[in-house]
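These notes are about the structure you will find just below.
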Amino acid sequence: MRLFGIGKASVVNDYTCRDGEILFSFFEQAGSKKTPIQVPLSDSDFRRLYKNEGFDRYVAYEELNETEFMENGSLPIEVFYSLVSDEDFMPILERMGLPVSEKKVDLTIRMTGTSGQNPVFELDLKNEQGIHLQHTGFVKYPFYQQEKESFYLPKAVWELYETINSSAFETGYEKIAKVQTIARTHDFQMDDFLKRETYEYIDSISIEPKLVEPDQMVLEVKGASPAITDHLNGQGRKLPVSSEGKRTRFAESQQVKSDLKELRKHPVLHDEEIPQFFDNPKSLFPDHEFSFDIESFSERVKGFITIARPRSVFRNGKTEWFDSESGEPVPFDEEELKKEIEKDPKRSFYRLASTYIYAGNGLKADLGFGKEEKESDSTRVTLDIYDNERALEYDVKAKGRGFESFPIPKTLQANLYDYQKEGFDWLCSLEKSGSAGLLADDMGLGKTMQVIAFLLHQREQDKLVPSLIVLPIALIENWKNEIEKFAPVLKDSIYIHQGSQRIKDVAFLENQPLTFISYDTLKVDQLIFGQVTYQNIIADEAQNIKSHLSSRSRALRAMKGNFRLAMTGTPVENGLEELWTIMDFVAPGEMFSLAEFKAQFVKQTNHELLMTKLKDFYLRRTKQEVLADRLPQKHLLAPVYLNASAKQKHLAGTVRSSMSGGQASALNALMHLRQLYAHPAVVTDEEPLVRDSPKLVELMALLGRVQKQQEKVLVFTEFRKVHSILKTEITKKYGIHVPVIDGTTANRSEVVRQFNEKSGFAVMLLSPKAAGVGLTITSANHVIHFTRWWNPAVENQATDRAYRIGQTKDVYVYQLITKDAENFPKGTVEELMHELLSEKSALAENVIVPFDTASFQRQVLEKMKSV
């Protein structure tokens, strides 16, 4: 425990495990008396207790409870196992008093009861010296207590414990099969009875639709291995399979049995059964995705494709290729694929003959292209579109581009600024003339408000049903709140398509006035949504589809819609290709094929011609243009330069030596330098002390000045460990809740609402990327960039969380920069970033000319190396 100050009582906590959850309780302890504390703490209890010993455990609990990982104040054990290996979250778990060291064990499974309906198992756990754990400590799954030390057991041990205590199995054989599967996977020992006969547990299957004829589709069942696939498709599925004198029995989970039973009702679809099934896929197989009749989709959709995902196995003196999911052989021409990758190495999908090969980083590494990294795209069946990349295959020409004024809908419960009325008229005019648009207004000018007014207009014209709003999942709640506040007539018209209970029924979707869906969910459910003809398709924060190769982009471009609108204040972040991709959704063909676009605008950098081509579809206004007389002043204060501490200088000297390596190691060194100049404990995992970070010393002093004014502060840094240190230290000194918003925050809108409603002094910590869009935090008027971001546009977006419509006070922007002349006489990474960012600040306002982040990083590196 850490001492927060001398107090009459201390704060202690405890945790228990029940039903797959870790439950936390907190107490105020004075002597031998322990009084339960209700969490989360009220403001009054927070101020009363924050100086007491042990309060840092509650601060860590609050920090984790703000994330998506906690559920109603408890932590799922499954999530615990993922966080305890995460370097950003493991320290938080440790501060909460949870074990963060794994106990290595040898495990033997014994079956002590009948193999009929209710087999009984015993788990024999021994340490590395062969001593039973029960003899040296106390086992309470998934944890182990030994004297004063606590450990967590390997995840597989916990999974096995959960399995043998589960009542979800229909037969004893099913449970035995599951136990054996876990044991074989993790090399656990089994007694002779369990080894006598082998069981294979089947808890998932996949369905691969194959259109064998224009009017005939086969739904093929696939298992995790060829043997399981053969078993699932065999007639006598209960019979054991013999191989090399050993018998294998198969046992399916109840869900698989139910799925197979339903699937066998319609193993082959004929004629009118195909459109009948596509109208309501839930009627046949509700938990799987299917391919569909091509006539159900947009003219842009060529068909559906089955994607092979091969990985290599070297045996018998040669390389063999197998599907990474099904395990079945995947024959393909390696040399032909290598040639395709060499032509365009950035792509993920390559067509060989009639098959698409998914060439992620793993396959490319197998073929000698680069190093393997984590792969995230697991889509197996997707819509195949005319992508307009090499040649223009699909275009939608605008019918006309008139501009007229329209009456503001009477159901809009808000007053529009003049520029917002202009934007509303622009949207209505585009729709009426059969065109489409890219609304690129500056952050904080109310793009959502203009679109809500347009949706109300569409409702009056009977052109609202159905409309599709595609956006980042974090913004769904914000849109919902805006509609409830400014267009209450629409609040009962909203259907949010997310989660395991989402409705995958075309007829249902066709009758929803407003469907909200995230980009990633649309990617998963594209085969359903692609059949609906939408009146309006609106893509908010459209930079999410900036990569023309991504599944997100291809799924959105496959949708059918009469009016298409993209909304983003940053249509170009890294390259002009991003603008082409967005426009290929908005108005396919207007920006030519990607190849021609590159030739005209990327290679020749003809921005004047580009803006001429874009002007009929593009609307952007900046705050300086339209709100100069309505917003208070924004003061970009002179940066505060601070000399590095002795510990920072020592660590920086060590990191500097790694900058002479390759590009990857040099960029990694830059990140470590930025982290240690924020606070050295980020890279050393030592106990963080305020004095070790001059930035933190300055921040605390700055917060003290703001506290006297009773105003609010936003502090930006991208590093999660820095968030943890700042939250702890600010809480310790000022006794206030310090919310954090980053990519893991569970409910950003609610966190912001509570922060905005607080009176007086308050501090919020934010990640510039995660909090750079969709948030209005005008209750704060001080913005501190604790660490700098590579792109000035991203920094401006972060600042504009406070500097936007609704701000009534002058906004002050601070930058804290560490100097270290001993190691970097020509400037630290922070000094050089500030110097170059200041030179390039004008580019931050030009959202069409791309900011070259890679070039910027190279410039910083070159200057730092020239010591």
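The values are calculated or read from the model by the stated rules, or taken from the named source; none is laboratory data. Source: prediction; values computed, not measured. So basically every Cβ, Gly included, is an ideal-geometry build from the backbone, and we count neighbours across all protein chains shown. Accessible surface is based on the protein model in full, side chains and every heavy atom, while ligands, DNA and RNA are left aside. Shrake-Rupley method; radii C 1.70, N 1.55, O 1.52, S 1.80 Å.
How large is ³J(HN,Hα) for each residue in segment 15-22, as worked out from phi by the Karplus curve 6.51 cos²θ - 1.76 cosθ + 1.60 (θ = phi - 60°), to whole Hz, x for Gly and Pro?
Taking θ as phi minus 60°, the curve returns 9, 9, 10, 8, 6, x, 10, 9 Hz for segment 15-22.
For Lys104, go through the lysines and keep the ones whose alpha-carbon is under 27 Å away, minus same-chain ones fewer than eight residues off.
Lys126, Lys140, Lys148, Lys155, Lys175, Lys178, Lys195, Lys374
When only C-alpha pairs under 8 Å and at least 6 residues apart count, what is the relative contact order of segment 658-741, in percent? Don't jump to the answer; show the numbers that get you there.
Values: 52 pairs, mean separation 15.6, N = 84.
Once normalised by length, the contact order is 19 percent.
Using 10 Å bins from zero, what percent of all Cα-Cα pairs in segment 499-637 falls into each bin?
10, 36, 28, 19, 8, 0
What is the magnitude of the charge dipole of the chain about its Cα centre, with +1 placed on the Cβ of each Lys and Arg, -1 on the Cβ of each Asp and Glu, and no other charges, expressed in debye to the nearest 20? Provide the component values of the computation, followed by the final result.
Numbers: 109 positive and 126 negative charges, 446 e Å.
The dipole magnitude comes to about 2140 debye.
Only Cα pairs under 8 Å and at least 6 apart count here; give the relative contact order of segment 379-491 as a rounded whole percent.
Numbers: 90 pairs, mean separation 31.5, N = 113.
28 percent.
Spelling out what I want: for every residue of segment 752-762, take phi, set θ = phi - 60°, compute 6.51 cos²θ - 1.76 cosθ + 1.60 (Karplus), and round to whole Hz; glycine and proline get x.
So the Karplus estimates, Gly and Pro as x, are 5, 4, 5, 5, 5, 7, 5, 9, x, 5, 7 Hz.
So which aspartates and glutamates can Lys819 reach, going by Cα to Cα under 15 Å and dropping same-chain residues fewer than 8 places off?
Once the sequence-local aspartates and glutamates are set aside, what remains near Lys819 is Asp692, Glu698, Glu830, Glu831, Glu835.
Quick check for me: using +1 on Lys/Arg Cβ and -1 on Asp/Glu Cβ, what's the dipole size of segment 725-826 about its Cα centre, in debye to the nearest 20?
Numbers: 13 positive and 9 negative charges, 18 e Å.
The calculated dipole for segment 725-826 is roughly 80 debye.
Is the shape of segment 701-783 best called rounded, prolate or oblate, per the rule: a/c under 1.5 gives rounded, else a/b larger than b/c gives prolate, else oblate, with a ≥ b ≥ c the square roots of the Cα gyration tensor eigenvalues? Could you put the intermediate results ahead of the total?
Details: a/c = 1.70, a/b = 1.23, b/c = 1.39.
In terms of gyration-tensor shape, oblate.
Which aspartates and glutamates, on any chain, are close to Lys397 with Cα under 17 Å apart, when same-chain ones fewer than 8 places away are left out?
Cα-Cα hits under 17 Å: Glu299, Asp387, Glu431, Asp584, Glu590, Asp616.
Using the charge dipole of the chain (Lys, Arg: +1 at Cβ; Asp, Glu: -1 at Cβ; taken about the Cα centre), state which of Leu636, Ala558, Trp426 has its Cα farthest towards the positive end.
Leu636
Using Cα-Cα distances under 8 Å and only pairs 6 or more residues apart, what relative contact order does the chain have, in percent? Show your work: numbers first, answer last.
On the way: 1532 pairs, mean separation 79.4, N = 867.
9 percent.
In debye, nearest 20, what is the charge dipole magnitude of segment 592-644 about its Cα centre with +1 on Lys and Arg Cβ and -1 on Asp and Glu Cβ, if you could check? Could you put the intermediate results ahead of the total?
Values: 9 positive and 5 negative charges, 21 e Å.
Using only the charged Cβ atoms, the result is roughly 100 debye.
Roughly what % antiparallel, to the nearest 5, for the DSSP beta bridges in the chain? Intermediate values should be presented prior to the final figure.
Numbers: 61 of 118 bridges.
The antiparallel fraction comes to roughly 50 percent.
Using a/c under 1.5 as the rounded threshold, could you call the chain rounded, prolate or oblate? The axes a ≥ b ≥ c are square roots of the C-alpha gyration tensor eigenvalues, and prolate needs a/b larger than b/c, oblate otherwise.
Values: a/c = 1.57, a/b = 1.06, b/c = 1.47.
Oblate, since a/c reaches 1.5 and b/c is not below a/b.
For Tyr534, enumerate residues with amide H under 5 Å from its amide H, sequence gap 5+ or separate chain, H modeled in the peptide plane.
Under 5 Å from the amide H of Tyr534: Lys560, Gly561, Asn562.
For the chain, what does the helix formula give at 222 nm: sum of -39500 (n - 2.57) over DSSP H segments with n ≥ 4, over the residue count, nearest 500 deg cm²/dmol? Don't skip to the end; give the middle numbers.
Numbers: 33 runs with 298 residues, N = 867.
Calculated mean residue ellipticity at 222 nm is -9500 deg cm²/dmol.
Could you give the accessible area per residue of segment 517-567, probe 1.4 Å, as a whole number in Å²? Please report the intermediate quantities before stating the final value.
On the way: 980 Å² over 51 residues.
Solvent-accessible surface per residue comes out at 19 Å².
Taking amide H atoms as placed 1.01 Å from N in the peptide plane, list the residues 5 or more away in sequence, or in a different chain, whose amide H sits under 5 Å from that of Thr745.
Glu68
Between the alpha-carbon centers of segment 700-743 and segment 594-612, tell me the distance in whole angstrom.
If you average the Cα positions of each part, the centres end up 45 Å apart.
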